Amino acid sequence: MSISFGAARLLRYVVASAAKFSETAVMVVTPGEFVFKAIDPSKTALLVLTIPRESAIEFNVTQEAQLVVGLEDLSKVFRSAEKDDSISLGWSQSTLSVSFERRGFSRVFTLPLSSVIEEIPEIEIEYPNTYVIPPIIFHDGLAGIEDVGDLLRVEGGSSELRLRAESELGEAVVVFSKERGGIEEADVTDPDFSVSFSMEFVSNFRPVTRVAERLVLKAGSDLPLYLEVQSHGLLIKYYVAPRAE
């Protein structure tokens with residue numbers, strides 16, 4: 001069984017981001033979709049990538065499989081992925097093969113699979129506040145403040161969203177607003193919320209937003225931060241648990 005798809009650059013960033021907070025990833029493959037999941041040991045961050053069958057170049061899957069692979073080795077493999085590569089994944093009971101192909105030649109890597117299956121929880125939360133932000137604007141805004149402090153406070157209103165980096169030395173704020181084009185859409189039922197997160201975990205996901213086509217941010221008082229990226233028919237969901245004050 002095997003699957004093939006494009007978006008090599010996006011997947012490279014997804015794997016690299018997951019490897020920053022987790023040692024392993026769980027891949028759940030069914031005849032209808034491919035799902036990649038990674039969670040950090042403290043349950044602070046969860047990343048879920050979904051590739052529907054219809055978004056793949058080829059999808060040769062006849063039965064369900066659950067694969068566990070080491071992210072350190074997988075991220076090293078994906079570092080060789082180029083922008084115009086197509087990717088193929090194939091697997092046996094004990095190995096995962098990753099193939100990158102472009103311009104008439106391919107590069108094939110084989111990695112061992114773990115026999116230990118990790119349970120990763122499903123998350124279903126109804127959020128009171130949703131913002132659609134141009135991905136590159138979010139990427140650049142977060143990049144401008146992420147070195148200021150290890151705490152990120154997310155604050156909102158009906159027509160603007162603020163990311164506030166805080167440390168003992170001071171703070172820095174980036175403001176996304178409808179008026180200036182930093183917010184494309186906003187659905188806010190609980191304005192004036194404020195919730196804090198560890199900057200490290202939010203920053204881990206920033207490279208993925210650089211190559212996204214659409215970015216949705218959801219937040220609310222005492223709720224995990226939710227970042228959703230869509231690109232090339234792929235869906236990436238990323239959750240970060242609130243930081244205790």
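General observations
- Test result for residue 138, surrounded by 15 or more Cβ atoms within 10 Å (Cβ to Cβ) and under 18 Å from the mean Cα position of the chain (by Cα): yes
- Strands (runs of 3 or more DSSP E) within the range 146-239 that include 3 or more residues hydrophobic (A, V, I, L, M, F, W, C), within 29 Å of residue 51 (Cβ to Cβ) and outside the structural domain of residue 48 (by TED's automatic domain parsing): 214-219, 225-231
- Residue list for the range 17-58, filter: outside any loop (DSSP other than H, G, I, E, B), more than 27 Å from residue 93 (Cβ to Cβ) and in contact with a helix residue (DSSP H, G or I) (Cβ under 9 Å, 6 or more places away or on another chain): 17, 45
Residue-wise test of (1) within 23 Å of residue 45 (Cβ to Cβ); (2) buried (at least 21 other Cβ atoms within 10 Å of the Cβ); (3) among the aliphatic types (A, V, I, L, M).
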| position | (1), (2), (3) |
| --- | --- |
| 143 | yes, no, yes |
| 160 | no, no, no |
| 170 | no, no, no |
| 209 | yes, yes, no |
| 213 | yes, no, no |
| 221 | yes, no, no |
| 234 | yes, yes, yes |
| 237 | yes, no, no |
| 243 | yes, no, no |
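- Verdict on residue 44 being free of Cβ contacts under 8 Å to residues at least 60 places away in the same chain, under 23 Å from residue 19 (Cα atoms) and either of a type in the set (Ser, Thr, Tyr) or exposed (fewer than 13 other Cβ atoms within 10 Å of the Cβ) (or both): no
- Residue count for the range 198-221, restricted to those that are more than 21 Å from residue 16 (Cβ to Cβ) and touching a Pro at 6+ places or on another chain (Cβ under 6 Å): 1
- Unmet requirement for residue 164, which otherwise passes all of (1) surrounded by fewer than 13 Cβ atoms within 10 Å (Cβ to Cβ); (2) closer than 21 Å to residue 210 by Cα: (1)
The values are calculated or read from the model by the stated rules, or taken from the named source; none is laboratory data. All values derive from a computational prediction rather than experimental measurement. Cβ sites come from the backbone with ideal geometry, for glycine too, and all protein chains shown count toward neighbours.
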